[in-house]
Amino acid sequence: MHRVLFAIHRKPELSFEEFLTHYRDVHLPIARKLPKLRQYDIFPVRPGAGPDGDTPDAFTLMTFDSAEDFETFLTVPEMADIAEDNEKFIGKVESYTIDHIPVIAG
């Protein structure tokens, strides 16, 4: 598996609730159309971080079958819709390729 963790900061003019509402109601329906994405999880940081702080407002974890699938994912035409929507609610994003070490499996 290939996992990418994104630290997402909202645009300063948005409240935390406005950010989450846009994420859920607008962005996720677009993201569901993207190919090669095996799993997509969002972890909002509660309570909402301050818009001027260094703390992200949410973490997003995307899982792919392989690094090649992730590279393909980045080049599909549907990514143009994602990029356009990102401009509406994301102020800053950082990404990290991560590993997964299970500690307790349920």
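The values are calculated or read from the model by the stated rules, or taken from the named source; none is laboratory data. What you see is a predicted model, and the numbers here were worked out from it, not measured in a lab. FYI the Cβ positions are ideal-geometry reconstructions off the backbone, even for glycines, and counts take in every protein chain you see.
Would you tally the residues in the range 3-20 being more than 18 Å from PHE59 (Cβ to Cβ) and either touching a His at 6+ places or on another chain (Cβ under 9 Å) or surrounded by 13 or more Cβ atoms within 10 Å (Cβ to Cβ) (or both)? Residues in the range 3-20 being more than 18 Å from PHE59 (Cβ to Cβ) and either touching a His at 6+ places or on another chain (Cβ under 9 Å) or surrounded by 13 or more Cβ atoms within 10 Å (Cβ to Cβ) (or both): 1 in total.
Would you mind stating whether PRO12 is touching a Pro at 6+ places or on another chain (Cβ under 6 Å) and modelled with pLDDT under 95? Yes; evaluated as a whole, the condition is true for this residue. The single condition from (1) under 16 Å from GLY91 (Cα atoms); (2) of a type in the set (Val, Ile, Thr); (3) touching a helix residue (DSSP H, G or I) at 6+ places or on another chain (Cβ under 7 Å) that VAL45 fails is (3).
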